[in-house]
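The values are calculated or read from the model by the stated rules, or taken from the named source; none is laboratory data. This is a predicted model, so every value here is computed, not measured. Here the Cβ is made from the backbone with ideal geometry for all residues, glycine too, and neighbour counts use every protein chain on show. These accessible areas exclude ligands, DNA and RNA; they are computed on the full protein's heavy atoms, side chains included. Shrake-Rupley method; radii C 1.70, N 1.55, O 1.52, S 1.80 Å.
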Amino acid sequence: MRIFNPATAQTLAVLREDSLARVVEKTALLRLAFAHWSAKPLAERIKVIARFNQQLEKRVEKLAGILTSESGKPLQQSRNEINGAVARINWMLENAEKYLSDEWVTNTDTLKEKISYEPLGVICNISAWNYPYLVGVNVFIPALLAGNTVLYKPSEYATLTGMEIEKLFYYAGLEQNAFKIAIGGKATGENLMDLRVDGYFFTGSYKTGKYIYEKVASRMLPCQLELGGKDPLYVTDDIEDIAAVAAATADGAFYNNGQSCCAVERIYVHEKVYDEYVAEFVKAVKSWKLGLPTDDGVYFGAITRKEQLKVLENQVLEARAKGATLKLGGHIIVHEGNFFEPTILTDVDHNMKIMQEESFGPVIGIMKVTSDKEAIELMNDTEYGLTASVYSSNGERAQEILSQVNAGTGYWNCCDRVTAGLPWAGRKHSGFGATLSHQGLRAFTKTKAWQMKG
Ligand code: NAD
């Protein structure tokens, strides 16, 4: 498997993909390690993960360089991601005892009742490339804290990062063979489907998630899916600082080149503020620099996957053919690396792919609406249900709107953000199950109900 730098098309590494025999062997080692790791007291496991986090924090600069080289993400955004992962792990460390310890329900002389949280066993985590530290940490850290061992398959576009993560666990003194990575792309993923594991935790596209879910269903294993989105954002007519809202929401659409599961993918704006909002939005995006992700001050780096360039171009061409107005960008940039112009379309509607299919790139459609009711209908007109956002000076109005939108996260006056203490959960084609929060810490456990007399 050849690993490319998406900004320069240079080969970074050539690696051997894991064969079926190799992943079977790794799983057997993980099974052996499970007996030791799960038997350690939670406090011991917390100490090991804390050491992992120290290793991560110590190496931000080096790891950010590796992440940028294989993902094309601007260096500062790579640093932000790793620092964000460190903070997220700290939350998990601080809350592990609270949510993973036994819970007493009744404790009298004659009756004792409690809930204990037992690890699932060996879990398989198949992951995405867009935020390999953040989406990886959401799964393998709480899984390990709960006493599981983990077979982690980084995306083929984040393999070097996955290899670094494996090393950090080694430096942290994790039980030998408690965490192993599976190297490769789709074929390696396929090799994981029949392994003797105790649960599948997947982050990636709806298409692959559905395939995995169907594939493992007959084995009655826990299977959790964190999938894509087509996240809507609505700007009401009562916002005060239109320029500030336009800039903040443009960042929600374009950070990481729009390659975020919770990136703003569709914008609805009340007709009273529409013209000014669009003008300020275009102005903000034009002010952000596009270039090599290693250059200072770059906001738009390279697009990670070359094949996505055509997907983006087709969405733009289809929208224009159906009447959309191109306000900015719209084209693949001719370069040895993968670059796409930041693109803004208006006069869009829901017959266009740009308002229906996940773009996962620096393109956005902005649509005029006349009322909150119309905005709610449009926000709900989607197969997905990850996040939804409303910008308004009136909190009650925003919450009323959000309560009517079928999405796992509601944002008022913010967007494109994830918090360790809140559940991260999709609905409909965005998946099911939650990571983060108390739910995410317990997602890698099975409960045992204890009823004890005497
Ligand atoms: P993808 O579905 O192409 O790949 C995800 C993983 O699945 C990769 O490791 C890949 O090698 C593996 N895979 C591919 N085919 C497989 C198969 N047949 N069997 C087993 N494994 C297989 O997704 P991606 O391009 O890596 O990630 C982008 C997608 O992930 C977007 O849709 C994005 O919205 C979503 N995502 C969701 C979240 C979330 O929290 N909901 C977070 C990040 C990304």
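Calculate, for the chain, the solvent-accessible area per residue in square angstrom, rolling a 1.4 angstrom probe over the heavy atoms of the protein chains.
42
Going by a ≥ b ≥ c, the root eigenvalues of the Cα gyration tensor, does the range 11-103 fall in the rounded group (a/c under 1.5), the prolate group (a/b larger than b/c) or the oblate group?
oblate
Could you order H335, H429, H36 so the one with the most accessible surface comes first? Probe is 1.4 Å.
Ranked list, largest accessible area first: H36, H335, H429.
Report, to the nearest 10°, how far helix 242-254 tilts away from the longest principal axis of the Cα atoms in the chain, using its own Cα long axis and a range of 0 to 90°.
50
Can you check what the net charge comes to around K283, using other residues whose Cβ is under 12 Å from the Cβ of K283 (Lys, Arg +1; Asp, Glu -1)?
After counting each charged neighbour, the total is 0.
Would you compute, from DSSP H runs of 4+ residues alone, the mean residue ellipticity of the chain at 222 nm, taking -39500 (n - 2.57) per run and dividing by the full residue count, rounded to the nearest 500?
Dividing the helical sum by the residues of the chain leaves -13000 deg cm²/dmol.
Taking all protein chains in place and a 1.4 Å probe, what share, in percent, of the accessible surface of the range 1-132 do carbon and sulfur account for?
In the range 1-132, the share of accessible area belonging to carbon and sulfur is 54 percent.
When a/c reaches 1.5 or more, the comparison of a/b and b/c decides; with that in mind, is the range 28-180 rounded, prolate or oblate per its Cα gyration tensor?
Cα axes put the range 28-180 in the prolate bin.
Can you give me the pair-distance distribution of the range 116-172, C-alpha pairs, 5 Å bins, whole percents?
4, 20, 29, 26, 13, 6, 2, 0
What part of the accessible area of the range 231-419, given as a whole %, is carbon or sulfur when the probe is 1.4 angstrom?
Summing carbon and sulfur atoms, their accessible area is 48 percent of the total for the range 231-419.
With the Cα gyration tensor of the range 231-419 giving a ≥ b ≥ c as the square roots of its eigenvalues, does the rule (a/c under 1.5 for rounded; else a/b larger than b/c for prolate; else oblate) give rounded, prolate or oblate?
Prolate shape, in that a/c is at least 1.5 and a/b is the bigger ratio.
Once the Cα atoms of helix 159-171 and of the chain are each reduced to a long axis, what angle between those two axes, in degrees from 0 to 90 to the nearest 10, is obtained?
Computed tilt is about 40 degrees.
Arranged from highest to lowest average of other beta-carbon atoms within 10 Å per residue, in what order do the peptides 307-313, 64-70 appear?
Top to bottom by mean Cβ count within 10 Å: 64-70, 307-313.
Pairing the Cα long axis of helix 132-145 with the longest principal axis of the chain, what angle in degrees results, from 0 to 90 and rounded to the nearest 10?
Tilt relative to the chain: about 20 degrees.
What relative contact order, as a whole-number percentage, does the range 47-154 give when Cα pairs under 8 Å and 6 or more residues apart are counted?
After rounding, I find 24 percent.
Take peptides 15-23, 411-419 and line them up by average Cβ neighbours within 10 Å, highest first, as a rough protection proxy.
Put in order of decreasing packing, that is 411-419, 15-23.
Calculate the translational D of the chain in whole µm² s⁻¹ from Stokes-Einstein, where the hydrodynamic radius comes from the Kirkwood formula applied to all Cα pairs, the temperature is 10 °C and the viscosity 1.306 mPa s.
It diffuses with D of about 69 µm²/s by this estimate.
Expressed as a whole number of Å, what is the distance separating the alpha-carbon centroids of the range 373-416 and the range 188-222?
Here the two parts' Cα centres lie 31 Å apart.
Relative contact order for the chain: what percent, with Cα pairs under 8 Å and sequence separation of 6 or more?
Reported as a whole number, the value is 20 percent.
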